[in-house]
Amino acid sequence: MFAMLIAAVFYALLARLFWLQVLQEEIFLNKAVVQSTRWIPEKASRGEIMDARGDVLVTNRPVYNLTLNYIGLRNQDIEQVVEDLVLVLEDPDITVEAIRASIDSQSSRLYEPIMIKRDIPLETVIRLEERRWQLPGIMIETSPRRLYLYGGMMGHLLGYVHPIKEEIDEPGYENHGLGDLVGKTGVEKSYEFELKGTNGYREVTVNARNHPLEEITYIPSVTGNSLQLTTDMKLQKVLEDVFEEVLANVAGSYPKANAGAAVVLDVNTGGVLAMMSYPEMYPDDFNGNSMSQEHADYYFNQQPAALYNRAMQGSYVPGSTFKPITGMAALASGNLTVNTRITCGGAYWYKPYIKCTGVHGSLNYYQAMARSCNVYFQEAARRAGIGNIGAIGHEFNMDARTGLDLPYEGAGLLPSVNWQSVEFSRRSESINRDTDRQLDDLETEYLSLLASAETDQDKRRLEREWSSKKNTLEARRRERLNEDTTWRDADTFNTGIGQGYNQYTIVELAAYVATIANGGTYYTPYVVDKIYYPDGRLKSRHEPQGRRVDVEQWILDATKQAMTSAARPGGTAYGAFAGLPAGIGGGAKTGTAQPGRAGYIKNKDFDGLFICFAPAEDPQIAFACVMEHGHSGSGSAGLVAKGVLEYFFMERDIPGEG
């Protein structure tokens, strides 16, 4: 009985095994190969960027990207896969060394796809698909790629995207992955967290050959928010075209002229209507691409380097464009009135006897501004004093960043009393530290020499040498402290005409002239006006940020009137306004500056600067421009202003009108 029971159990097990291995073989085999799931990321599109008219400047296009799934290479000869991939592609950009470097750079996040190359052509995709059996772990994904519709136009302002690197561990970037393209400069960086969308995912089952069988879950990506700028693309094109045309003409006489920048502001809001920096920056050159040596030289190594946004990062000696600050400081001091007459005989009468551009005779405030008289404004600076000049400059934010909503903005250098205190203290510490170190070295040297001296005569000689050298170093210390840490009257005179320590960005100059134009409200410049959700609903709109400057209204009005004198016949800036319709007019100040930088020859090489506002009554726009090596403000940057003003008031079509 017991034997029969054992036999029955045995036959039941055999039957079950036959059913599982034979009858159910195909079912279980299929299950075995489908029980693998994959999460396939779906990259989100970045939000679009539009100009003030709603015309799209930056959008996206779909591309194929070649990636390496490191997890998919388990139990594979990774080196062989990499070598096979290089042989199949025959692409000079894709080498064994480059792929190894990509793997090494992502060693802490190998669970994420490793980007091999972006935007590969369809022919390459087909070739890879045909050889997929030979290339385990190699994946082709589609993703949106930034498309800059107008090349280098507005390139510095828009900025560019590039693979994430140091940002990966910064706050706010927690949802970014290696290989993601992120904003590195310009609007793309400032508004990264608005523009970046939310990635989606597909969960699919695949068989042993990694062929998809079924989609289990789909989480769609969400496009980023869109931005509408304050800039007008048509005005921007005019600005860039006119600048390049004028630059080419100026370079015919002054070959060093090869760079510059300009800004146009709305005087009643601070909105940036146009901003350019030359040489141009082409965002697509950085769009996830590896950079050629030619591009690296253009953007980083050549002079002038093109990546640098000169409009907001360049620091320029302002020349005579600073004279309205000096004039307001002198009026505020009570030591000068608009009717006070100062006689120009061709050079100032105090050392260093700085020359004027001519012999102007007796001038009042308005006439001096129109003729840009150096003698008048040196005397105005003397009467104002550097304390008052610094105080007025501070009111116009000349000693700080404007707060423009773009990254890496530079700040001006206003040689105020506060600046002197900090700077001269720093210099004193440096001079004393340097001298003390030399004295210590000298002591070490002579103590050693004295220890080895053989006679008393040798010792006395060495002691005399040591004492003489110590006295020389101490004398040099006093000389350097006197030269480098003392403010002199000549420094005040130089400051008054926009030379000396003065240095400002072009956007700072534009914001200050806009403040004079609108009657005394300093508006923080900005470039993004509106932010929209992906469905087109308005998320937010920028509210202009303004504050009243602490300058008496009559002083502002007098200075505004003085600047309009410069824009009338006989004024140094008249050429920029000569072609405008009657009743437009404006106010302006030319500037011819000696930067004292490398590449400039003293009294021979000059930057040309120009600031202005228009119309004269109820101003709408403010303008500031520099042309490096432009030689004169009226003959370089002033001609750029002329082109902008003529377009704005004679040719521009206003959105919503007509």
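Table for the structure above
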read-out	value
Computed [θ] at 222 nm, helices only, for the chain once each DSSP H run of length n ≥ 4 contributes -39500 (n - 2.57)	-12000 deg cm²/dmol
Shape call, region 490-628: gyration tensor on alpha carbons, a/c limit 1.5	prolate
Net +/- balance of residues flanking V63 in space, Cβ distance below 12 Å, scoring K and R +1, D and E -1	+4
Solvent-accessible ranking of I114, I584, largest area first, probe 1.4 Å	I584, I114
Angstrom value of the Kirkwood radius, inverse mean 1/r, which spans all Cα pairs in region 281-425	18.2 Å
Solvent-accessible area, 1.4 Å probe, carbon plus sulfur percent, for the chain	51 percent
Degrees separating the helix 506-517 axis from the principal Cα axis of the chain, which is the longest one	60 degrees
For the chain: relative contact order, % (alpha-carbon pairs under 8 angstrom, 6 or more apart)	15 percent
Region 51-68 versus region 245-317: alpha-carbon centroid distance in Å	23 Å
Net charge of neighbours whose Cβ lies under 13 Å from the Cβ of D51, counting Lys and Arg as +1 and Asp and Glu as -1	0
For mean projected area of the Cα convex hull in nm², calculated from these coordinates, the label among (1) 40.9; (2) 51.1; (3) 70.6	(2)
Net charge over other residues, Cβ less than 14 angstrom from the Cβ of M233 (K, R count +1; D, E count -1)	-4
Cα Rg, Dmax (largest Cα-Cα span) when computed across region 580-626, Å	14.9, 44
Percent antiparallel among DSSP beta bridges (both partners in the chain, rounded to 5)	95 percent
Size of electric dipole in the chain: Cβ of Lys, Arg +1 and of Asp, Glu -1, about Cα centre, debye, nearest 20	1820 debye
Separation between Cα centres of region 355-378 and region 382-457, rounded to whole Å	34 Å
Cα-centre dipole for region 417-492 with unit charges at Cβ (Lys and Arg positive, Asp and Glu negative), debye to 20	140 debye
Accessible area per residue, Å², the chain with all protein chains present, probe 1.4 Å	48 Å²
0 to 90° range, to nearest 10: angle between helix 233-253 axis and the chain longest Cα axis	60 degrees
Given charges at Cβ of Lys, Arg, Asp, Glu: region 301-384 dipole, positive-most of T321, A311, Q378	Q378
Principal-axis tilt of helix 456-484 within the chain, Cα atoms, nearest 10 degrees	90 degrees
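The values are calculated or read from the model by the stated rules, or taken from the named source; none is laboratory data. Model, not experiment: these values are computed from the prediction. Note that we place each Cβ from the backbone using ideal geometry, even for glycine, and neighbour counts take in every protein chain shown. Just so you know, the surface numbers come from the protein's heavy atoms only, side chains and all, with ligands and any DNA or RNA stripped out. Shrake-Rupley method; radii C 1.70, N 1.55, O 1.52, S 1.80 Å.
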